[in-house]
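The values are calculated or read from the model by the stated rules, or taken from the named source; none is laboratory data. Predicted, not measured: the structure shown is a model, and the values here were computed from it. Backbone-built Cβ (ideal geometry, glycine too); neighbour counts: all protein chains shown. The area values use the complete protein model at the heavy-atom level, side chains included, leaving out ligands, DNA and RNA. Shrake-Rupley method; radii C 1.70, N 1.55, O 1.52, S 1.80 Å.
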Amino acid sequence: MDFRIIQSPSSGALEIISRRMGMSSAAGKDILAGCDAIGLIQGKLIDMVYVADLAEKAAGITAVDIRGSCPQNMVLLALIGDTASVETAVNDIKLKMKKSRGSD
């Protein structure tokens, strides 16, 4: 899995994410309105559904599937919220994924 956090996303980054959210432009912009940070996580579909659940339970963020074209069938997930919540969600995901990989 790859992780990135964008703090204070630029209008261009917000526009890219809004277009790729797979919903109406107005709905996408409503979700992104006032967000302080966006956590981006890329991985397999099974992991992305699992981490979306973890992230929303760990912190007051919104998890959104970002549509795109990837030949490796990887999925991109955006975690949208304030900076502390996004950082908490990403750190919780990393910790729990490490633990779950160790128990396989």
- prompt: Within the stretch 1-13, can you find the residues that are under 13 Å from the mean Cα position of the chain (by Cα) and either small (Gly, Ala, Ser) or more than 18 Å from Ala84 (Cβ to Cβ) (or both)?
  reply: Met1, Asp2
- request: Show the residue pairs that are 6+ apart or on different chains and have beta-carbon atoms under 7 Å apart, the first residue being within the stretch 74-91 and among the small types (Gly, Ala, Ser), the second being open to solvent by 10 Å² or more (accessible area, probe 1.4 Å) and part of a helix (DSSP H, G or I).
  value: Ala78/Ile17; Ala89/Ala58
message: Condition first: open to solvent by less than 60 Å² (accessible area, probe 1.4 Å), assigned to a helix (DSSP H, G or I) and either within 16 Å of Leu14 (Cα to Cα) or not β-branched (Val, Ile, Thr) (or both). Now tell me which residues in the stretch 42-54 satisfy that.
response: Asp47, Met48, Ala52, Leu54
message: Of everything in the stretch 1-41, what is open to solvent by 60 Å² or more (accessible area, probe 1.4 Å), within 16 Å of Leu77 (Cβ to Cβ) and either outside any helix (DSSP H, G or I) or touching a His at 6+ places or on another chain (Cβ under 6 Å) (or both)? Give them in sequence order.
response: Met1, Asp2, Arg4, Ile5, Met23
query: Out of the residues in the stretch 59-104 that are among the hydrophobic types (A, V, I, L, M, F, W, C) and surrounded by fewer than 17 Cβ atoms within 10 Å (Cβ to Cβ), which is modelled with the lowest pLDDT?
result: Cys70
query: Could you say whether any residue in the stretch 39-58 is more than 23 Å from Ser100 (Cβ to Cβ) and out of contact with any Phe, Trp or Tyr (no Cβ under 6 Å at 6 or more places or on another chain)?
result: no
- line: Of the residues in the stretch 2-36, those that are farther than 26 Å from Met97 by Cβ, of a type in the set (Gly, Ala, Ser) and modelled with pLDDT of 85 or more number 5
